[in-house]
Amino acid sequence: MADPLYRAAPPAALRVEPLGELTLIFDRRSMQTHVVAPPIPQILDAMGDDICSAAVIAERLSVAFDIGRAGDAASIIAERLDELAALGLVAAA
């Protein structure tokens, strides 16, 4: 089965504010503020405006971070993408 594809919320829809080790993400569409920890901000940054699978995001993150085996990282990222979709910060493409 193919990996699900996701698209991040448009940058204009979100206000992202780092707060120490946490990050606040205000979603202008839902008027909700989400408090997130790594790797959520990094996943959203790696997605950019592209439609991405967890494997593509893992590959992009591996350039900047030592994330270990790509398969392990992709499965963890897939779980985070499901959580982000539930929050409305990414959507299935």
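The values are calculated or read from the model by the stated rules, or taken from the named source; none is laboratory data. Values in this document were obtained by computation on a predicted structure and should not be read as measured data. Because the Cβ atoms are built from the backbone with ideal geometry, glycine has one as well, and the counts that use them run over all protein chains shown.
Would you confirm whether or not the range 61-70 contains a residue that is part of a strand (DSSP E or B) and among the hydroxyl-bearing types (Ser, Thr, Tyr)?
No: the range 61-70 contains no residue that is part of a strand (DSSP E or B) and among the hydroxyl-bearing types (Ser, Thr, Tyr).
Residues in the range 59-87 that are of a type in the set (D, E, K, R), buried (at least 16 other Cβ atoms within 10 Å of the Cβ) and closer than 22 Å to Arg29 by Cβ: Arg80 only. Taking the range 14-43 as the range and being small (Gly, Ala, Ser) and more than 22 Å from Ala54 (Cα to Cα) as the test, the residues that pass are Gly20, Ser30.
Only one of the listed residues (Val90, Val56, Val35) is under 14 Å from the mean Cα position of the chain (by Cα) and exposed (fewer than 14 other Cβ atoms within 10 Å of the Cβ). That residue is Val35.
Here the condition is being of a type outside the set (A, V, I, L, M) and more than 18 Å from Ala85 (Cβ to Cβ); of Asp3, Asp72, it holds for Asp72 alone.
Against the definition (in a helix (DSSP H, G or I), free of Cβ contacts under 8 Å to residues at least 40 places away in the same chain and farther than 14 Å from Leu87 by Cβ), how does Arg15 come out, yes or no? So Arg15 does not fit the description; no. Does at least one position in the range 44-52 carry a residue that is in a helix (DSSP H, G or I), touching a Lys or Arg at 6+ places or on another chain (Cβ under 6 Å), surrounded by 16 or more Cβ atoms within 10 Å (Cβ to Cβ) and modelled with pLDDT of 95 or more? Scanning the range 44-52, I find at least one residue that is in a helix (DSSP H, G or I), touching a Lys or Arg at 6+ places or on another chain (Cβ under 6 Å), surrounded by 16 or more Cβ atoms within 10 Å (Cβ to Cβ) and modelled with pLDDT of 95 or more, so the answer is yes.
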